[in-house]
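One structure is given below, encoded as structure tokens.
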Amino acid sequence: MLPQAVERLREQYTAGDVWDLSQLLIVLPSGQARRRLIELLAATAQADGLLYYPPEVVTVGGLPEHLYTAKQQF
């Protein structure tokens with residue numbers, strides 16, 4: 001499934017030789033899936049000779065802090 005996701009991201013977010021995913025937040029279920037997606041994105045960019053701006057990739061556990069701003073420090 002991750003290779004198909006990488007291909008879709010490449011198709012939708014490539015302009016010329018620039019692959020800009022920097023405005024995306026990608027949420028995955030596990031750390032292993034997160035690491036593998038990061039590897040696949042970088043390998044695809046290198047293989048295709050693209051100038052690559054990576055997305056932020058987090059696991060489900062890291063998502064809440066991206067959904068709100070804490071009123072007080074934890």
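For this structure, a couple of remarks:
- Subset of region 48-62 [under 19 Å from Val27 (Cβ atoms) and open to solvent by 60 Å² or more (accessible area, probe 1.4 Å)]: Tyr53, Pro54, Glu56, Val60, Gly61
- Some residue of region 14-21 being in contact (Cβ under 8 Å) with a residue 12 or more places away in the chain, among the aromatic types (Phe, Trp, Tyr) and open to solvent by 60 Å² or more (accessible area, probe 1.4 Å): no
- In region 34-47, the residues that are surrounded by 12 or more Cβ atoms within 10 Å (Cβ to Cβ), out of contact with any Ser or Thr (no Cβ under 8 Å at 6 or more places or on another chain) and of a type outside the set (Val, Ile, Thr): Arg35, Arg36, Leu37, Glu39, Leu40, Leu41, Ala42, Ala45
- Residues satisfying the stated conditions in region 24-74, i.e. in a loop (DSSP other than H, G, I, E, B) and touching a residue at least 12 places away in the same chain (Cβ under 8 Å): Leu24, Pro29, Ser30, Asp48, Gly49, Leu50, Pro54, Pro55, Leu63
The values are calculated or read from the model by the stated rules, or taken from the named source; none is laboratory data. Given the structure is predicted, the values throughout are model-derived calculations rather than measurements. Here Cβ is always computed from backbone atoms with ideal geometry, including for glycine, and neighbour counts include all displayed protein chains. In case anyone asks, the SASA skips ligands and DNA or RNA and just uses the protein heavy atoms, side chains included. Shrake-Rupley method; radii C 1.70, N 1.55, O 1.52, S 1.80 Å.
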